[in-house]
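Below: the structure, in structure tokens.
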Amino acid sequence: MAKTLIIGAGGAGSVCIKKCASLPDVFGSIHVASRTLEKCRAIQADCVNPIGISQIDADDSDAVYALIQELDAKIVINLALPYQDLSIMDACIRARVPYLDTANYEPKDEAKFCYKWQWDYQERFKEAGILALLGSGFDPGVTNVFTAYAQKHYFDEIHTIDIVDCNDGDHGHPFATNFNPEINIREITQRGKYWEEGEWKEIDALSVSKNIDFPEVGERKGYLLYHEELESLVKNIPHLKRIRFWMTFSDSYITHLNVLQNVGMTRIDPVLFNGQEIVPLQFLKALLPEPSSLSDNYTGKTCIGCIFEGIKDGEKKKIMIYNVCHHQACHEEVGAQAVSYTTGVPAMIGAKMILENTWTGTGVFNIEEFDPDPFMSDLNEHGLAWKVLEL
Ligand code: NDP
């Protein structure tokens, strides 16, 4: 029987834990380890089946290794922060246990995420004879699987991809982020980037926007951002001429963000305050609502998908594959808002693909490298139904 170790008891972690706990035949006994034991305890009290918990600092690779050994875990699902990716990967290699995450590595002192650090683990995972599945959230994650599915069933050549992400919900707070505030704000305030005709093109942060028609939502303003799945899809999808990522933000959100930036609250370098060093963005995180606390009164829905253009049988073709997820429905099911839900469910499904030996291999993989069909089928079964629109 499998034993599953999940690290991170935040918004996405809590969803993944509850979803895994509801499938004991696949995930066996579940153990949750995170920085704050209280949060693990709260999830434990909320789970339908019993789970184990413990406190851990996942920056400490030895501690993660010791816990994997003690539990005899068969898989590690990393839903802590991107900073912990490498220490957890190191522990998995030592213990020869498969690894999965939803966000690529990012050093604490530089707002720069990229796959290079984790791709560099390729040989070590191969030598250990185990699999690492990178980016099994929604975006990255499901958007990559949508792309693999479009490539397999709808196109001979995909020429352009626009990944479009809309949260049309209302949590009732003047300003809050839907996933970890520190990671979210670092992502949004860095320079934008997209890929066209074989090269990366950079823009100032949030300087390019356009209205996008989101199915079941309507027209909303999307901003061009750099997002991690662009890096792997450029590598793994042949014939691609352009790929971009768009995310919607309300005018109020942008105004808050501008003010915070202008006064220095989004800085990630330490400043001296009352004789003590503090990082303004970390202090800001401490003031903002936890993503996992937003779901109570969250209304509205998310719509995330990919618009593909290309060629099939010599004819031009354009389709969109997307999911719509309702905040309230997620809250009723697992006590979470839709952004945590759309991350936690694909993490569970990715782990299920590995534990059931549906996806096999040794080395470090991005999710679009596997057969998308079983994952797509599980999305429908486990709460993230998708649709294909012929445009
Ligand atoms: P949260 O901040 O809600 O949760 C993060 C959890 O990790 C918290 O419980 C936190 O502990 C724990 N943690 C932080 N540092 C450590 C550490 N050193 N050791 C052990 N545990 C630690 O964030 P989210 O749940 O919103 O996001 C989780 C991950 O999912 C992030 O990597 C995020 O980037 C990713 N994500 C991916 C998405 C996708 O679609 N691919 C979308 C959204 C998020 P504490 O409670 O003490 O703070």
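Here is how the numbers come out for the structure above:
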item: Spin-label proximity, K210 to segment 305-334 - amide N less than 13 Å from point 7 Å beyond Cα toward beta carbon; result: 307-309
item: Fewest-first sequence of D162, D90 by Cβ atoms within 10 Å of each Cβ; result: D90, D162
item: Net charge, F245 excluded, C-beta distance under 14 Å - Lys, Arg +1, Asp, Glu -1; result: -3
item: Ranked I311, I88, criterion: other C-beta atoms within 10 Å, fewest first; result: I311, I88
item: Cα-centred dipole magnitude for the chain, charges only on beta-carbon of K, R (+1) and D, E (-1), debye, nearest 20; result: 80
item: For segment 190-304: rounded, prolate or oblate by the Cα gyration tensor [a/c cutoff 1.5]; result: oblate
item: For D168, distant residues with modelled amide H under 5 Å away; result: K301, T302, C303
item: Added length on full extension, which subtracts the Cα-Cα distance from 0.36 nm per residue, K221 to S252; result: 9.9 nm
item: Extension gain (nm, one decimal) between W200 and T362, 0.36 nm per residue minus Cα-Cα; result: 55.3 nm
item: FRET efficiency, 1/(1 + (r/R0)^6) with R0 35 Å, evaluated for E381 and H173 via beta carbons; result: 0.60
item: K112, K352, K285 arranged by Cβ crowding within 10 Å, fewest neighbours leading; result: K112, K285, K352
item: The chain, relative contact order [Cα under 8 Å, separation at least 6], %; result: 21
item: Net charge, N366 excluded, C-beta distance under 10 Å - Lys, Arg +1, Asp, Glu -1; result: -4
item: Cβ-based net charge around Q151, under 15 Å, with every Lys or Arg adding one and every Asp or Glu removing one; result: -3
item: Long-range HN-HN contacts of F249 with modeled amide H, under 5 Å; result: Y223
item: Long-range HN-HN contacts of E106 with modeled amide H, under 5 Å; result: Y83, D85
item: Listed residues I203, I163, I183, most fluctuating in the chain (Gaussian network, C-alpha, under 10 Å); result: I203
item: The chain: calculated mean residue ellipticity at 222 nm from DSSP helix runs of at least 4, using -39500 (n - 2.57); result: -10500 deg cm²/dmol
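Rule-based calculations on the coordinates, nothing more; no lab input. The shown structure was predicted, so the numbers you read here are calculated from the model rather than taken from an experiment. Virtual Cβ from ideal backbone geometry, glycine too; neighbours counted across all protein chains shown.
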